[in-house]
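One structure is given here, and the rest of the page talks about it.
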């Protein structure tokens, strides 16, 4: 069992229709994953501004996850396509800001993919543990 | 300054068994602006809700945070409690510490508790920055539009009309009836299709609340639930339908011949034609693309004059019409006439097409004796080309051996992976009807397996076996054309584990049901999406089978997925009921969680407008400058515009920058 201080701190942005629902389903399924991630609910992954991700990293978050619906499944028709475009550019910006771009992940997780949500968090947590803490981390988790 | 109350739920042991609830409550009480932090065994219980209400009524709190299960199920309950106590319900925020915490971190109590502190802090951070929001209402046009005049559209239109709503029924063909009008009999009761359908067609056409616009197509749709503006293009019939009596004299005199689509291409119709004998409305149409312009009578020209008699020389159709409904001198507009209608809700029931046999190269499509099941339906129908007598197309002789091949294009990764659902049953129906009429006929049916789920369906199938119809499990590998217009069937009998080869006189292909090609442009006009099988996508496969992602737009029948007549009628009645909801309410609620532009901050760059999936953003004049404006009723609150605005002039209420930054701050503190 990991002590809380060793766990990376992940800020997640989850669209309320797919990834947030998928995370709830993980709960229904009792799919275990480390308590590293905390979700911020947004209506659509298209609502996530690049600034939010940069702000979270600048504040010391070890990782940021943006979760949306699969292509073709967006409740708002095409919000996730906008997200995909936006996040592609963001990845570069993150590196330019001096962060390891692996600290940011974009994942498409549907409301039916509870196990996938758990798996993604597990994997991301392990990856972040391997990278080590965000140099700007303020302490705490 | 906000006065935040935090209420932590034990959820029995669901939360408290993992998370130290007292530690969370204690931590919450020290967060900024938190004036009170309480806990309860079940916050959603009556006593839990009363606790919140009392604090609101006593003036202790003006922001409420409940740390419990998930907002997806319980947010409406707590919002209602806030509202009852007199607090704007949008001043409520939920912290998810069960579904996304205690239920998944049972292995790490300390970690789960630490995470709960963060989640509560995040919710408090958002709650401090919440603003009260007001729901708005807009009036509704009490009328509905049903697109498609098959049995689905007819059922939906009748249901809406009976509920008292004015209903427009738009059908692209000259007559309503759809594919069901082409069928001979229907499984599993062998009712004659025309006998049960035609009375419905007449009823829908004559209903005082229904305006049936046949030979018409939807040209454009704008607006939103409650107030859609629809442009319907009434195609040019070149016949005055007010005068036309449907006698058919024009058709009998017309010399131009065209394959008859109603008879699935098995016979020819004239360029001047009535779609079928039971057509509703029974009106003639001149198919101008195939018209020969007899006697040089092009539309819109004056007739030549006979030098001897001095009388004008008319085209045969004009001459034949006893009602003078055809006047080729009139310069008709080939584009037709645009009719604009306003409706509050729309039911899409545009039906399906079946695949043509040419797709299946190994099934000898060149042979006239290989036909689709829809063609057989026309052959055995009393209104068909052979007036119900079974003949094969090559020589009009009665076949002795007839073969049925299932799953042509369905359950086949090369074409469609889905099951077309009706083929097994209609093939059994066709086989039974033929066996009853011609007991000496040898009928061989080849199935991957027989799918007969439905009321009375399996009994119908087992009855077919008892009638002496041969049923083989196994797909047919191919057909070979033989001399004498015969076909060799190369098949496999899985039950006998033997290959089969035999000669057949007529082969019937059960080709897959699919969305017609023109459905794509309709989908674009309506904002409909497609599912993985390329049918229109419903809102939820189980709990929203008639709704779509576009509010006020509903689906019925095969355009949503293959289904039989009873399922189509059921869905159509469901869609009608759902479409009647906004009409009966007289007004629709506009969710306040939508975007708004602050025009004084807007630079008028217009980046947001093309991003909006609902075309809700336009550039409007504001103090002499173009500024973005969001149509409140069309906005669905995705926030794509707010994220893209370089001037931060767009606010998504309920998910404002200050609120989200407060959450980020709390989670990374």
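The values are calculated or read from the model by the stated rules, or taken from the named source; none is laboratory data. Source: prediction; values computed, not measured. Don't worry about glycine lacking a Cβ; one is built from the backbone with ideal geometry, like all the others, and counts go over all protein chains shown.
Quickly run through region A:21-40 and pick out the residues that are within 20 Å of residue B:640 (Cβ to Cβ) and either more than 9 Å from every other protein chain (Cβ to nearest Cβ) or within 11 Å of the chain's Cα centre (by Cα) (or both). The answer is A:39, A:40.
With the condition kept exactly as written, say whether any residue in region A:92-101 is closer than 22 Å to residue A:17 by Cα and either at the interface with chain B (Cβ under 9 Å from one of its Cβ atoms) or not in a loop (DSSP other than H, G, I, E, B) (or both). Looking through region A:92-101, none of the residues is closer than 22 Å to residue A:17 by Cα and either at the interface with chain B (Cβ under 9 Å from one of its Cβ atoms) or not in a loop (DSSP other than H, G, I, E, B) (or both). Is it fair to say residue B:89 is without any contact (Cβ under 8 Å) to a residue 12 or more places away in the chain and away from chain A (no Cβ under 14 Å)? So residue B:89 fits the description; yes. Against the list (1) buried (at least 23 other Cβ atoms within 10 Å of the Cβ); (2) within 11 Å of another protein chain (Cβ to nearest Cβ), the condition residue A:50 fails is (1). Would you confirm, using the coordinates I've provided, whether residue B:201 is in contact (Cβ under 8 Å) with a residue 40 or more places away in the chain and within 30 Å of residue B:462 (Cβ to Cβ)? No, not satisfied.
If you go through region B:371-389 and keep only what is under 20 Å from residue B:195 (Cβ atoms) and touching a strand residue (DSSP E or B) at 6+ places or on another chain (Cβ under 6 Å), you end up with B:374, B:376. Selection within region B:35-55: residues that are touching a residue at least 40 places away in the same chain (Cβ under 8 Å) and out of contact with any helix residue (DSSP H, G or I) (no Cβ under 6 Å at 6 or more places or on another chain). The member of this set that is surrounded by the most Cβ atoms within 10 Å (Cβ to Cβ) is B:48.
In this structure, residue B:123 does not satisfy being buried (at least 23 other Cβ atoms within 10 Å of the Cβ) and closer than 30 Å to residue B:167 by Cα.
Results for (1) touching a residue at least 24 places away in the same chain (Cβ under 8 Å); (2) assigned to a helix (DSSP H, G or I); (3) more than 30 Å from residue B:140 (Cβ to Cβ); (4) in contact with a helix residue (DSSP H, G or I) (Cβ under 8 Å, 6 or more places away or on another chain), shown as yes or no for each residue.
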| position | (1), (2), (3), (4) |
| --- | --- |
| B:453 | no, no, yes, no |
| B:463 | yes, yes, yes, yes |
| B:472 | yes, no, yes, no |
| B:480 | yes, no, yes, no |
| B:503 | yes, no, yes, no |
| B:508 | yes, no, yes, yes |
| B:524 | no, yes, no, no |
| B:538 | no, no, no, no |
| B:549 | no, no, no, no |
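Taken over region A:1-20, the criterion of being more than 8 Å from every other protein chain (Cβ to nearest Cβ), closer than 15 Å to residue B:111 by Cβ and crowded, with 24+ Cβ neighbours inside 10 Å is satisfied by A:8, A:10.
Does residue B:87 qualify as being assigned by TED's automatic domain parsing to the domain that holds residue B:25, within 26 Å of residue B:594 (Cβ to Cβ) and assigned to a loop (DSSP other than H, G, I, E, B)? Against the criterion (assigned by TED's automatic domain parsing to the domain that holds residue B:25, within 26 Å of residue B:594 (Cβ to Cβ) and assigned to a loop (DSSP other than H, G, I, E, B)), residue B:87 qualifies.
To keep it simple, each residue is scored yes or no on (1) touching a strand residue (DSSP E or B) at 6+ places or on another chain (Cβ under 9 Å); (2) closer than 28 Å to residue A:27 by Cβ.
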{"site": "B:57", "(1), (2)": "no, no"}
{"site": "B:64", "(1), (2)": "yes, yes"}
{"site": "B:88", "(1), (2)": "no, no"}
{"site": "B:99", "(1), (2)": "no, yes"}
{"site": "B:128", "(1), (2)": "yes, yes"}
{"site": "B:149", "(1), (2)": "yes, no"}
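Scanning region B:434-464 for residues that are surrounded by fewer than 18 Cβ atoms within 10 Å (Cβ to Cβ) and in contact with a strand residue (DSSP E or B) (Cβ under 6 Å, 6 or more places away or on another chain) turns up B:442, B:448.
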